[in-house]
1. Do we have any residue at all in segment 197-211 that's without any contact (Cβ under 8 Å) to a residue 60 or more places away in the chain, in a loop (DSSP other than H, G, I, E, B) and buried (at least 18 other Cβ atoms within 10 Å of the Cβ)?
2. Got a sec? Which of ASN339, ASN349, ASN356 is open to solvent by less than 60 Å² (accessible area, probe 1.4 Å) and either at pLDDT below 95 or within 15 Å of GLY309 (Cα to Cα) (or both)?
3. Filter segment 154-175 for residues that are assigned to a loop (DSSP other than H, G, I, E, B) and open to solvent by less than 30 Å² (accessible area, probe 1.4 Å); which is nearest to GLY98 (Cα to Cα)?
4. Please note which strands (runs of 3 or more DSSP E) are completely contained in segment 51-148 and include at least 3 residues that are touching a Ser or Thr at 6+ places or on another chain (Cβ under 8 Å) and modelled with pLDDT of 95 or more.
5. State all residues of segment 123-145 that are surrounded by fewer than 21 Cβ atoms within 10 Å (Cβ to Cβ), of a type in the set (S, T, N, Q) and closer than 22 Å to ILE52 by Cβ; if no residue qualifies, say none.
6. Is at least one residue of segment 308-323 farther than 25 Å from ALA376 by Cβ and at pLDDT 95 or above?
7. Looking at (1) surrounded by fewer than 24 Cβ atoms within 10 Å (Cβ to Cβ); (2) assigned to a loop (DSSP other than H, G, I, E, B); (3) in contact with a strand residue (DSSP E or B) (Cβ under 7 Å, 6 or more places away or on another chain), can you tell me which one THR151 breaks?
8. Go through segment 81-105 and count every residue that is open to solvent by 20 Å² or more (accessible area, probe 1.4 Å) and in contact with a Pro (Cβ under 7 Å, 6 or more places away or on another chain).
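The values are calculated or read from the model by the stated rules, or taken from the named source; none is laboratory data. None of the values given here were measured: they were computed from a predicted structure. In this analysis, Cβ positions are derived from the backbone assuming ideal geometry, glycine residues included, and neighbour counts consider all displayed protein chains. Protein only, heavy atoms only, side chains kept; ligands, DNA and RNA dropped before computing areas. Shrake-Rupley method; radii C 1.70, N 1.55, O 1.52, S 1.80 Å.
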Amino acid sequence: MTRRRTDHRAPLQTAGLIVRNMTKCHIAYLVCTAAVLGAGLGAAPPVAGHTIHVVRPGESIQKAVDAAESGDTVLVAPGTFHESVKVTTPGLTLRGMGRRTVIEPAEKKAVGTKKAANSCAEGGNGICVVGTKDRKVEGVTVASLTVTGFTANGVFATATDGLTVRNVRAVKNGVWGIAQEESVRGVFRRNTARDNGDAGLFLANSVKAEEGATDTRGTVVAGNRLEGNRIGVTVRRLRNLSVEHNRLTGNCAAIFVVGDENKPKAGDLAVRDNRIARNNKLCPKTARLPFLQGSGIVLTGAEETLVTGNVITDNVGTSPLSGGIVLFKSFVGGTSERNRISDNVLQGNAPADLVNADTGKGNTFEGNTCKASKPAGLC
């Protein structure tokens, strides 16, 4: 590897995006891998004043994260890493080298051994991005890796500004695949969330606090694949974001936009151009919701939401929330108001393609292609 270091140092520096942009890295995967891993066991040569910290199997991702500074990249080689990783450094990029970079829970220690002081691991999470109440952590990126098997969440973020989660596979985690609370301007693109206990992607104002919806300042959920979860995407008590161009199938419910009696209400957001099919998995009731099956897009306690351009097919169930697009009064009494349901294509959903079981005012249905609605006349 020492011989290769000299050969590949120039490409690493003059084409720094090969290392920092994994799309290009995949195009020249062998060159990229040799360049990065050939740089040694510690840090790769600096690119534009920043350092790339390479982590190989058997080494600690957390140690590399702790050693990194703002603007650095922690690049994790293919392999399985048994640990949880907590990120608090602004501007840090934590990047794997594709789906073969796998983060799983740490192996259980023998009784009597000292417990690792990592609040992310203690919470049952895989990767945590954590700011504070007074200072959000800004500009963190998590990309191109798999996180699986955690009792709580694959990726959990709190108090972030401009977090990007991209090309992450969150699979078979106990609660949420990828989750964020108390954060703004997030970007969630081209991720796969599959077979997680609750939502594949979960975004909320706060996980615990009962309070009004907050402005996400333009958070984007786009181009993701969500399969086999309880709910594909949950947006809870938030405003000003978009859920677009996602593919959702095999969940109990595809997309939930959830509000309640608190003010301001959830809404002022867009759910558009998604492909939603056969979300017919059966999930039992919880303290918050009845049993779920066959739900496409559900608005409950939301206002001023645009639902448009979606293709929604073959979502079938007998839950109160079953149907292609469903408006439903929240279970704490909040109504859905002034929502616009337009230009969607719906087919084969049951009990109907469009369901308005809400008593809220000003909801409109126009330009949709569908055959059956409850009440009749919405198609």
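1. yes
2. Result: ASN339 is the single residue among ASN339, ASN349, ASN356 that is open to solvent by less than 60 Å² (accessible area, probe 1.4 Å) and either at pLDDT below 95 or within 15 Å of GLY309 (Cα to Cα) (or both).
3. Among those residues, the one meeting the criterion is GLY154.
4. Qualifying strands (runs of 3 or more DSSP E): 73-76, 93-95, 101-104, 127-130, 141-148.
5. THR141
6. no
7. Every condition holds for THR151 apart from (3).
8. The qualifying residues number 2.
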